[in-house]
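Novice: Pasting a structure here, questions to come.
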Amino acid sequence: MTSPFHKYVAEFVGTFVLVFIAAGSNAIDHLSHGYLGLTGMAAVTGLTVMVMIYAIGHISGAHINPAVTIAMAATRNIGLRDCLVYIISQMSGACAASIMLMEIFPSAVSSVNLGATSLGANVGPETGILIEAILTFLLVFTIFGVAVDTRSPPGMAGFAIGAFVLLAILFGGPVTGASMNPARSFGPALIAGYWTDHLVYWIGPIIGGIVAALLYDNVFIHESVLEENEDTIRQGV
């Protein structure tokens, strides 16, 4: 049985890797004069999420995202204590990754704010919150469909979730950065001292994640359990 400590360390490491690669890709893209581009940055982030799910999913569930953790707590898939310590672990991992990026790419602090997410030109905070909420809604809905729902095909969670992250960044990257993850936004923002529109990346993802989790849990999982119970009763009769 996995101990709570192992879960917390796994969340720290998983979030460290995600932020190091996702935010670091911004620094590399800048230093290489656009070598990665949006498609490249979306691909490395999506693939990183996929790899981390397969690497630590069996240990902690591979939330690596406070919005996902809060959504899981809202549907009682994890307890309040685990929720709080998961978030602390995720935020710590994100900050540690950002410090490492600052040491490796010092010029990235002034050039790309260490990869901190930001709103696109002419995008207001309200629009940013709405887009982040919708994208995170779809992310958490996907997570519940392929990782929480026991009827889902085994072994597909990492691929499906990673693929969605890639698609979401391709769609929302130019508008909000498609963070969908408060820790991914917080780490670089803290270390680079870049707080412009930062609340967008907390409010949007948390709202979107909770709504998706409650919808899936109550409409699809809860209803399927009721239907199975009714079938069992009929068969028993």
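Novice: For the stretch 190-203, which positions are in a helix (DSSP H, G or I) and open to solvent by 10 Å² or more (accessible area, probe 1.4 Å)?
Specialist: LEU190, ILE191, ALA192, TRP202, ILE203
Novice: In the stretch 28-50, is there at least one residue being hydrophobic (A, V, I, L, M, F, W, C), within 21 Å of TYR86 (Cα to Cα) and under 18 Å from the mean Cα position of the chain (by Cα)?
Specialist: Yes, the stretch 28-50 contains at least one residue that is hydrophobic (A, V, I, L, M, F, W, C), within 21 Å of TYR86 (Cα to Cα) and under 18 Å from the mean Cα position of the chain (by Cα).
Novice: Starting from residues that are closer than 17 Å to GLY172 by Cβ and of a type in the set (Gly, Ala, Ser), keep the ones in the stretch 1-58 and report whichever is surrounded by the most Cβ atoms within 10 Å (Cβ to Cβ).
Specialist: It comes out as ALA23.
Novice: I'm told ILE134 meets every condition in (1) among the β-branched types (Val, Ile, Thr); (2) under 15 Å from the mean Cα position of the chain (by Cα); (3) farther than 22 Å from ILE56 by Cα; (4) crowded, with 20+ Cβ neighbours inside 10 Å except one. Can you identify the failing condition by its number?
Specialist: With respect to (1) among the β-branched types (Val, Ile, Thr); (2) under 15 Å from the mean Cα position of the chain (by Cα); (3) farther than 22 Å from ILE56 by Cα; (4) crowded, with 20+ Cβ neighbours inside 10 Å, ILE134 is out only on (4).
Novice: Run down GLY145, GLY187, GLY158 and say which single residue is surrounded by 21 or more Cβ atoms within 10 Å (Cβ to Cβ) and either under 13 Å from the mean Cα position of the chain (by Cα) or on the phi < 0 side of the Ramachandran plot (or both).
Specialist: GLY187
Novice: If you don't mind, another one. Starting from the stretch 105-116, keep only residues that are within 13 Å of ALA189 (Cβ to Cβ), then list their pairs with residues that are surrounded by fewer than 21 Cβ atoms within 10 Å (Cβ to Cβ) and among the hydroxyl-bearing types (Ser, Thr, Tyr) whose Cβ atoms are within a distance under 7 Å, requiring at least 6 positions of separation or different chains.
Specialist: ASN113/TYR194; ALA116/TYR194
Novice: On to the next question. Looking at (1) at pLDDT 95 or above; (2) of a type in the set (Asp, Glu); (3) part of a helix (DSSP H, G or I), find the lone condition where ASP231 falls short.
Specialist: (1)
Novice: Return the only residue of ALA157, ALA189 being at pLDDT 95 or above and more than 18 Å from VAL19 (Cα to Cα).
Specialist: The conditions single out ALA157.
Novice: What is the number of the single condition among (1) part of a helix (DSSP H, G or I); (2) open to solvent by less than 30 Å² (accessible area, probe 1.4 Å) that HIS63 does not meet?
Specialist: So HIS63 meets the others, but not (1).
Novice: Consider only pairs whose beta carbons are under 7 Å apart and that are at least six residues apart or on different chains; among these, list those whose first residue lies in the stretch 44-67 and is at negative phi and whose second residue is outside any helix (DSSP H, G or I) and open to solvent by 20 Å² or more (accessible area, probe 1.4 Å).
Specialist: Filtered contacts from the stretch 44-67: ILE59/THR2.
Novice: Oh, and also: I'm trying to understand the selection: among the residues of the stretch 161-176, which are open to solvent by less than 40 Å² (accessible area, probe 1.4 Å), assigned to a loop (DSSP other than H, G, I, E, B) and either acidic (Asp, Glu) or under 14 Å from GLY40 (Cα atoms) (or both)?
Specialist: GLY173
Novice: Something else: Give ALA96, ALA116 a once-over and let me know the one that is open to solvent by 20 Å² or more (accessible area, probe 1.4 Å), at pLDDT 95 or above and over 23 Å from ALA213 (Cα atoms).
Specialist: When all the criteria are applied, what remains is ALA96.
The values are calculated or read from the model by the stated rules, or taken from the named source; none is laboratory data. Just so we're clear, the structure is a prediction, and the values are computed from it rather than from any experiment. When we count neighbours, we look across all protein chains shown, and the Cβ atoms used for this are built from the backbone with ideal geometry, even at glycine. Ligands, DNA and RNA are stripped out before the accessible areas are found, and what is left, the full protein with its side chains, is counted by its heavy atoms. Shrake-Rupley method; radii C 1.70, N 1.55, O 1.52, S 1.80 Å.
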